[in-house]
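The values are calculated or read from the model by the stated rules, or taken from the named source; none is laboratory data. As the structure is a computational prediction, the values presented were derived from the model and not from experiment. Counting neighbours? That spans all protein chains shown, and the Cβs are built from the backbone with ideal geometry, glycine included. Only protein heavy atoms, including side chains, enter the accessible area calculation; ligands, DNA and RNA are left aside. Shrake-Rupley method; radii C 1.70, N 1.55, O 1.52, S 1.80 Å.
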Amino acid sequence: MLRSLGQRPVTGSGEDPRVAELRTAVSRLRRELAAHPVEFPDRSIAEAELAALAAMAAHGRPEIPRLRRSLLLIAGSIGSVSALRGGLSKVRAAVDLFGKPPRR
């Protein structure tokens, strides 16, 4: 219900809710990727970048340029796998919580 009002949930630990959202989205996509039965050429890139995102989320406030780089690598490596589209969208939305990329 809070999200419908444009508000973010507050965690009891004082943790940044954006980081919690990122951790949840990354965890979900990692599980979906692990369960995906079909191998594809860039799977290892996606797995490595998801591990990097998970590490950033575990250590507090991630670096925004690094978040965006990882997102691009993940999207490029699994973008054509339609079964992972939902999880990828959640990761993108979580990264976007940290701010939109600057316009060039």
Expected single match for out of contact with any His (no Cβ under 9 Å at 6 or more places or on another chain), basic (Lys, Arg), at pLDDT below 95 and open to solvent by 80 Å² or more (accessible area, probe 1.4 Å) among Arg23, Arg61 is Arg61
Suppose the filter is hydroxyl-bearing (Ser, Thr, Tyr), part of a helix (DSSP H, G or I), open to solvent by 70 Å² or more (accessible area, probe 1.4 Å) and more than 18 Å from Glu15 (Cα to Cα); does Ser44 pass it? yes
For Lys90, all conditions in the list (1) over 18 Å from Asp16 (Cβ atoms); (2) in contact (Cβ under 8 Å) with a residue 60 or more places away in the chain; (3) open to solvent by 70 Å² or more (accessible area, probe 1.4 Å) hold save one; what is the number of the exception? (1)
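Condition check ((1) in contact with a Ser or Thr (Cβ under 9 Å, 6 or more places away or on another chain); (2) open to solvent by 70 Å² or more (accessible area, probe 1.4 Å); (3) charged (D, E, K, R)) across all residues:
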position	(1), (2), (3)
Asp16	no, no, yes
Ala35	no, yes, no
Glu49	yes, no, yes
Pro65	no, yes, no
Ser70	no, no, no
Gly76	no, no, no
Val81	no, no, no
Ala94	yes, no, no
